[in-house]
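Readers should treat all values here as calculations from the given coordinates under stated rules, not as data from a laboratory. Computed from a predicted model, the values in this text were never measured in an experiment. Cβ: placed from backbone, ideal geometry, glycine included. Neighbour counts: every protein chain shown.
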Amino acid sequence: MSNLLSQIKEDINCVFDRDPAAQSVFEVITTYPGFHALMIHRMGHWLWGKGFRWAARFTSHIGRWLTGIEIHPGAIIGRRFFIDHGMGVVIGETAVIADDCTLYHGVTLGGTSWDKGKRHPTLHNGVVIGAGAKVLGPIDVGEGARVGSNSVVVKPVPAGATVVGIPGHIIDPNAQKTSEERDKLAKKIGFDAYGATADMTDPVAKSINHMLDHIQLMDKRFERMTELLSEAGIEYQEKPIPDLDGYEIEDGGDE
Ligand SMILES: CC(C)(COP(=O)(O)OP(=O)(O)OC[C@H]1O[C@@H](n2cnc3c(N)ncnc32)[C@H](O)[C@@H]1OP(=O)(O)O)[C@@H](O)C(=O)NCCC(=O)NCCS
């Protein structure tokens, strides 16, 4: 009993950490549909576990009437779970949600097949799923991962990753950096890399991006070699390089 009470207390307190609009415990208990849905689900899940399947489904159905949030009583939900706003959330029977996860309104943790057995996602600790996102199939969303609003995710998400878009793709800050460096280099050599992004599927743009990455790597190696030569007392002298037509190519510098 004391475990249940401490769990409910945690479920209330976590709202204050994740919703700056929350004012008081009384407000959370009386006006937060996500909290109501969770309490009703905890009841329904207990009934489900005891084998009272109809009663569990009916409890979940009442929860849906009252809150607009549909959680199958078979779904396993960890501690400090928070659904903000709530309306339109659907959580399937075999979904598993670990601790400290947050969902916004319109999220679906759904299945893509009619097979019985595991067919809904597993969210690891600390996952946040943005409003309207659909996470489909028996995939894992790794610890601390974030799914952007309105994304559709059908493949596993690594821990800590942020996924956006349809179909969901990972936003990789390093890839972003590489593409910025690429743009800089492309500008330097006069190639218009406008629109060439890390996840672009155009094979020609992809090949050019690979070449730009390679040139960038060679540039870095060359810089390191001149540094080492200079440390060894040999100064490298920059000389203009004639191109095929006999014109000299200007060094664009590092800007
Ligand atoms: C995905 C999310 C977590 C990323 O947040 P972030 O790490 O601060 O990332 P940024 O805002 O810097 O965006 C990074 C890039 O992803 C894009 N992006 C962000 N969210 C996106 C989304 N939902 N769909 C498509 N692209 C998105 C941005 O446009 C940006 O692209 P760019 O680098 O080409 O400009 C956040 O945008 C999100 O969707 N959170 C859910 C919030 C929510 O549902 N709130 C409801 C409150 S009621």
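General observations
- Phi-derived couplings, Karplus 6.51 cos²θ - 1.76 cosθ + 1.60 at θ = phi - 60°, listed residue by residue for the stretch 19-33: 10, x, 7, 5, 9, 8, 4, 4, 5, 4, 5, 9, 10, 9, x Hz, with x used for Gly and Pro.
- Label point at Glu10 placed 7 Å out along Cα→Cβ; residues across the stretch 25-60 whose backbone nitrogen lies under 16 Å: 38-39, 42-43
- Taking 0.36 nm per residue of sequence separation and removing the Cα-Cα distance, the Glu227/Arg53 pair yields an extension gain of 55.4 nm.
- Distance histogram in 5 Å bins (all Cα pairs of the stretch 1-143, percent per bin): 2, 11, 20, 25, 23, 13, 5, 2, 0
- Placing a pseudo-label 7 Å from each Cα along the Cα-to-Cβ vector at Met211 and Ile62 gives an inter-label distance of 6.9 nm.
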